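The values are calculated or read from the model by the stated rules, or taken from the named source; none is laboratory data. None of these values were measured; they are calculated from a predicted model. In this analysis, Cβ positions are derived from the backbone assuming ideal geometry, glycine residues included, and neighbour counts consider all displayed protein chains. The protein model used for the area step is the full one, side chains on, heavy atoms only, and it has no ligands, DNA or RNA in it. Shrake-Rupley method; radii C 1.70, N 1.55, O 1.52, S 1.80 Å.
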Amino acid sequence: MRFPTPGLAVYLLAASLCAVSLSLTAAPAKARKPAEYKLSGPDKAWVAKTMKRLSLHDRIAQLIQVRVQGKFLNRNSPDFLKIKEEVQRNHVGGVVLFAGNVYESALLLNELQSLSKLPLVVSADFERGASFRISDTTSFPWTMAIGAAGSEELAYTEGAITAQEARALGVHWIFAPVMDVNNNPDNPVINIRSYGEDPQLVARLGAAFIRGAHDKGVLTTAKHFPGHGDTATDTHIGLAVIPSDLARLNSIEFVPFRSAIAAGVDSIMTAHIAVPKVTDDSGLPATLSHKILTGLLRDLLHFQGLIATDALEMGGITSRFWGGLAAVRAVQAGADVLLLPSDTNVAISEIERAVRRGDISEELINRSVEKMLSAKTRLGLHLNRTVAINRIGDLVDAPENRHAAETMADRSITLLRDDRHLLPIDPRHAPKIYSVVLSSDLEPSPGAVFQAELRRRFLTARTASADPRMPDELASNIVKAAAESDVIVLSTLVRVISGKGNVALPDNQKRLVENLLAAGRPVIWLSFGNPYVLGLFPQIQTYLCTFSYSDVSQVAAAKALAGDIPISGKMPVSIPGQSKVGDGLQVPMLDMTLNQVAPPQLGLPDSAFEETKKLLAGFVETKAFPGASLVVGYRGSIVLSDGEGRLDYSAASGKVTENTIYDLASVSKAVGTTTAA
């Protein structure tokens, strides 16, 4: 069977599919062994017919995917004309969707499908849902936050929702989940994109994500093989070198990939990293290594699905290889799909020349093309390649999806240390809070969602924020205001950005942190994003991690501070000298039950509410209403709880007591009428 449109049952494993349930709330299915997928008769005929009529040039083009921005493009603009040329003249097999908006993306993809001779397979880096690339989709926390929650059910649900929203937009192939084991604290490119540093945790949660995504009908990708976690180099800039030998790769890095293969992952993406202890070449990226792609991935791990390169335009490739040579070497190594070559024309022509001169067998090209065409039939693209625009509003960012994302963020909040028992902060007896958000990147209002949520819970809280452009005067004002507070909430927002090359705090912000710590006030350090920055200041007595800076995580952090939710996360990574995997204090949510006390206990006279009680009794006596229950709260306690009269005007009706509960209709009539009058 093939993948249907979103909302119908689907069947999928590695290069094959099997029946599974579609319910987002269903318990995650157990890992399934890949079974050989067999095309139906009509599907086989379509693949065979298509193969026969494709020239060698067009077969090679089917293995290439090019970049598309999901935004409005004038149809005569250079950007649109370039994409149109890739589709209509070069006949590329697919496109990779990057940053954009919901409707613009869907409309553009529909138009590109109509321009293409063959259906395009559309892929996207939806690592934390569609929100990783497309605005106004369900905002999920980053992957490491799911690792902190440690729940297969949540990972499964994220996979299912991601697939549902992807198919609604016209995306069929998601480059997720990230199966890298982030065991290097200085990793600038994986970091919170990983579930954590425990190979078994990454394996378990990644497999659950794959099952959830399959159940809503998309192709999935485990990345980045052979493992991108143990490096301090950003491969968008240069070539990273992994020190591991085959024994270590087998025991750590390969564990999640084996789990993904067992779960039926459709594709595996390569990493532009050198593994000299395996390849004997410190300058050769794994993407271009036959020993790694064929020797390890195909022969050792027995993966038979699609092998896709990471973007060939990245510095890990272009810093050492000409684009045409890189494309040829990737195919020779065993790659089926070439993502984002620096020049499509060059890539196609050089591969074609390599085939003509015998450096690449035509049979190798044909096998990869058949895999790609078969994937398109499983997705049903040869029958219907466009999406219904009028269905997007029902499927994307639905309330139940938001609720699921909120649950993930809530359960990810992790408390490493709270020596002075500062958390939670009781809003009923709130101290003077000064909240400072420091961002490592240039942005006008870092942590704005968190600051707004904090002020909503603590009305007297004062807030400030700063990025690396912070002038000395602002830093001085922040330190002065902090010294006048009772508690300092210090938040560091360190983003993981491709091509940035680091995940660190700038020096001027480090100095500011030192000055805040010297202010003599209790400090709650809240880490948004990179959790390893906590190791910079080991003297901090309260550590709180979110492993994410998405909006939903910022809201969860404010909820945790105010005791609206329990704090239950466990560290998915270790912070050298500070914590180990599995650490995390468990803090229950704040009990907001109001206790009844006598007025004198709050500094009020015994007779403080005598007139109030007489007034209530007088209303009942004059039949203004048959009865009423009155509760008065003061400074977080109940100081008066009284009931007068009966439930209605008949003498047989029950008496109203302090525990009588009125239904909403009864309350709304009285309150609404009185207010209107």
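Can you pull out every residue in segment 86-126 that is among the charged types (D, E, K, R) and either part of a loop (DSSP other than H, G, I, E, B) or open to solvent by less than 10 Å² (accessible area, probe 1.4 Å) (or both)? Don't jump to the end; show me each part of the working.
Our first condition is that a residue be among the charged types (D, E, K, R); within segment 86-126, this holds for 86, 89, 104, 111, 117, 125.
Residues satisfying the conditions are R89, K117, D125.
Could you tell me whether Y37 is buried (at least 16 other Cβ atoms within 10 Å of the Cβ), in a loop (DSSP other than H, G, I, E, B) and either at pLDDT below 95 or hydroxyl-bearing (S, T, Y) (or both)? Explain how you work it out, then say what you get.
Values: buried (at least 16 other Cβ atoms within 10 Å of the Cβ): yes; in a loop (DSSP other than H, G, I, E, B): yes; either at pLDDT below 95 or hydroxyl-bearing (S, T, Y) (or both): yes.
Against the criterion (buried (at least 16 other Cβ atoms within 10 Å of the Cβ), in a loop (DSSP other than H, G, I, E, B) and either at pLDDT below 95 or hydroxyl-bearing (S, T, Y) (or both)), Y37 qualifies.
State which residue is farthest from A148 (Cα to Cα) when the search covers only segment 524-543 and only residues that are open to solvent by 20 Å² or more (accessible area, probe 1.4 Å) and over 22 Å from the mean Cα position of the chain (by Cα).
First, the residues of segment 524-543 that are open to solvent by 20 Å² or more (accessible area, probe 1.4 Å): 532, 535-536, 538-539, 541.
From what's left, over 22 Å from the mean Cα position of the chain (by Cα): 535-536, 538-539, 541.
Working: G535: 18, L536: 21, P538: 21, Q539: 23, Q541: 21 Å.
Only one residue fits best here, namely Q539.
List the helices (runs of 4 or more DSSP H) that sit entirely inside segment 314-373 and contain at least 2 residues that are open to solvent by 10 Å² or more (accessible area, probe 1.4 Å), touching a Leu at 6+ places or on another chain (Cβ under 8 Å) and charged (D, E, K, R).
Working: elements: 315-318, 323-333, 344-356.
The qualifying helices (runs of 4 or more DSSP H) are 344-356.
Residues being assigned to a helix (DSSP H, G or I) and either surrounded by fewer than 24 Cβ atoms within 10 Å (Cβ to Cβ) or without any contact (Cβ under 8 Å) to a residue 60 or more places away in the chain (or both): count how many of those fall in segment 132-147.
2
Rundown of residues vs (1) of a type in the set (G, A, S); (2) closer than 18 Å to D419 by Cα, yes/no style:
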| site | (1), (2) |
| --- | --- |
| G529 | yes, no |
| G535 | yes, yes |
| P538 | no, yes |
| Q541 | no, yes |
| C545 | no, yes |
| K559 | no, no |
| P572 | no, no |
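Being farther than 21 Å from L201 by Cβ, basic (K, R), in a loop (DSSP other than H, G, I, E, B) and in contact (Cβ under 8 Å) with a residue 12 or more places away in the chain, is that true of even one residue in segment 617-624? Steps first, please.
From segment 617-624, those farther than 21 Å from L201 by Cβ are 617-624; that's our starting set.
Subsequent filtering for residues that are basic (K, R) retains 623.
Restricting the remaining residues to those that are in a loop (DSSP other than H, G, I, E, B) gives 623.
Those left that are additionally in contact (Cβ under 8 Å) with a residue 12 or more places away in the chain: 623.
Yes, the conditions are met somewhere in segment 617-624.
For segment 76-85: of the residues being assigned to a helix (DSSP H, G or I) and open to solvent by 10 Å² or more (accessible area, probe 1.4 Å), which is farthest from K216 (Cα to Cα)?
Only one residue fits best here, namely P78.
Out of T407, T386, T377, I need the residue that is within 30 Å of S574 (Cβ to Cβ) and out of contact with any His (no Cβ under 7 Å at 6 or more places or on another chain). Which one? Don't jump to the end; show me each part of the working.
Details: T386 fails: within 30 Å of S574 (Cβ to Cβ); T377 fails: within 30 Å of S574 (Cβ to Cβ).
When all the criteria are applied, what remains is T407.
Being buried (at least 18 other Cβ atoms within 10 Å of the Cβ) and part of a strand (DSSP E or B) is the filter; apply it to segment 55-68 and report the residue that is nearest to the chain's Cα centre (by Cα). Can you show your working first?
Going residue by residue through segment 55-68, those that are buried (at least 18 other Cβ atoms within 10 Å of the Cβ) are 58-66, 68.
This time we only want the ones that are part of a strand (DSSP E or B), so: 64-66, 68.
Numbers: I64: 27, Q65: 24, V66: 24, V68: 21 Å.
Across segment 55-68, the extreme among qualifying residues is V68.
Which of the residues belonging to segment 632-670 are of a type in the set (A, V, I, L, M), open to solvent by less than 80 Å² (accessible area, probe 1.4 Å) and either modelled with pLDDT of 80 or more or within 28 Å of L604 (Cβ to Cβ) (or both)?
First pass over segment 632-670, keeping only residues of a type in the set (A, V, I, L, M): 632, 638-640, 647, 651-652, 656, 661, 664-665, 667, 670.
From what's left, open to solvent by less than 80 Å² (accessible area, probe 1.4 Å): 632, 638-640, 656, 665, 667, 670.
If the condition is that a residue be of a type in the set (A, V, I, L, M), open to solvent by less than 80 Å² (accessible area, probe 1.4 Å) and either modelled with pLDDT of 80 or more or within 28 Å of L604 (Cβ to Cβ) (or both), then V632, I638, V639, L640, V656, V667, A670 are the ones that fit.
Are any residues in segment 407-442 part of a strand (DSSP E or B) and either of a type outside the set (V, I, T) or without any contact (Cβ under 8 Å) to a residue 40 or more places away in the chain (or both), and if so, which ones? Please lay out each step first, then the result.
Keep residues of segment 407-442 that are part of a strand (DSSP E or B), which gives 414-418, 433-439.
Correct list: L415, L416, R417, D418, Y434, S435, L438, S439.
Condition first: more than 17 Å from L325 (Cα to Cα) and out of contact with any Ser or Thr (no Cβ under 6 Å at 6 or more places or on another chain). Now tell me which residues in segment 282-292 satisfy that. Step through it out loud before you land on a result.
Of all residues in segment 282-292, those more than 17 Å from L325 (Cα to Cα) come to 282, 291-292.
Of everything in segment 282-292, those that are more than 17 Å from L325 (Cα to Cα) and out of contact with any Ser or Thr (no Cβ under 6 Å at 6 or more places or on another chain) turn out to be S282, I292.
Could you please tell me which pairs satisfy a Cβ distance under 6 Å, a separation of 6+ or placement on different chains, a first residue in segment 102-114 that is over 18 Å from S131 (Cα atoms), and a second residue that is open to solvent by 20 Å² or more (accessible area, probe 1.4 Å) and polar (S, T, N, Q)?
These pairs meet every condition: N110/T386; Q113/T386.
Yes or no: segment 276-295 includes at least one residue that is of a type in the set (A, V, I, L, M, F, W, C), farther than 26 Å from W173 by Cβ and either touching an Asp or Glu at 6+ places or on another chain (Cβ under 7 Å) or open to solvent by less than 30 Å² (accessible area, probe 1.4 Å) (or both). It would help to see each step written out before you state the result.
Our first condition is that a residue be of a type in the set (A, V, I, L, M, F, W, C); within segment 276-295, this holds for 278, 284, 286, 288, 292-293.
Adding the requirement that they be farther than 26 Å from W173 by Cβ leaves 278, 284.
Keeping just the survivors that are either touching an Asp or Glu at 6+ places or on another chain (Cβ under 7 Å) or open to solvent by less than 30 Å² (accessible area, probe 1.4 Å) (or both) gives 278, 284.
Yes, that holds for at least one residue.
Among the residues of segment 148-159, write down those that are under 16 Å from G212 (Cβ atoms) and either of a type in the set (F, W, Y) or crowded, with 24+ Cβ neighbours inside 10 Å (or both).
Across segment 148-159, the qualifying residues are A149, L154, A155, Y156, T157, E158, G159.
Of everything in segment 232-269, what is under 24 Å from Y532 (Cβ atoms), modelled with pLDDT of 95 or more and of a type in the set (G, A, S)? Give them in sequence order.
Within segment 232-269, S251 is the sole residue that qualifies.
Evaluate segment 188-200: report whether one residue or more is modelled with pLDDT under 95, not hydrophobic (A, V, I, L, M, F, W, C) and not in a helix (DSSP H, G or I).
yes
Out of all the residues in segment 550-558, is one or more closer than 30 Å to V494 by Cα, over 22 Å from the mean Cα position of the chain (by Cα) and surrounded by 17 or more Cβ atoms within 10 Å (Cβ to Cβ)? Explain how you work it out, then say what you get.
In the first step, residues of segment 550-558 are kept if they are closer than 30 Å to V494 by Cα; the result is 550-558.
Restricting the remaining residues to those that are over 22 Å from the mean Cα position of the chain (by Cα) gives none.
Among the residues of segment 550-558, not one is closer than 30 Å to V494 by Cα, over 22 Å from the mean Cα position of the chain (by Cα) and surrounded by 17 or more Cβ atoms within 10 Å (Cβ to Cβ), which makes the answer no.
Of all residues in segment 443-481, which are under 22 Å from E514 (Cβ atoms), within 26 Å of the chain's Cα centre (by Cα) and in a loop (DSSP other than H, G, I, E, B)? Quick ask: steps written out before the conclusion?
Residues of segment 443-481 under 22 Å from E514 (Cβ atoms): 446-447, 462-481.
Adding the requirement that they be within 26 Å of the chain's Cα centre (by Cα) leaves 446-447, 465-468.
Correct list: P446, G447, D467, P468.
Quick grid of which residues meet (1) over 15 Å from the mean Cα position of the chain (by Cα); (2) open to solvent by 10 Å² or more (accessible area, probe 1.4 Å):
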{"position": "R167", "(1), (2)": "yes, yes"}
{"position": "N182", "(1), (2)": "yes, no"}
{"position": "R204", "(1), (2)": "yes, yes"}
{"position": "A207", "(1), (2)": "yes, no"}
{"position": "I210", "(1), (2)": "no, no"}
{"position": "A213", "(1), (2)": "no, no"}
{"position": "T220", "(1), (2)": "yes, no"}
{"position": "G264", "(1), (2)": "yes, no"}
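Is it true that L604 is open to solvent by 10 Å² or more (accessible area, probe 1.4 Å), at pLDDT below 95 and within 20 Å of E406 (Cα to Cα)?
On the way: open to solvent by 10 Å² or more (accessible area, probe 1.4 Å): yes; at pLDDT below 95: yes; within 20 Å of E406 (Cα to Cα): no.
No: the conditions fail for L604.
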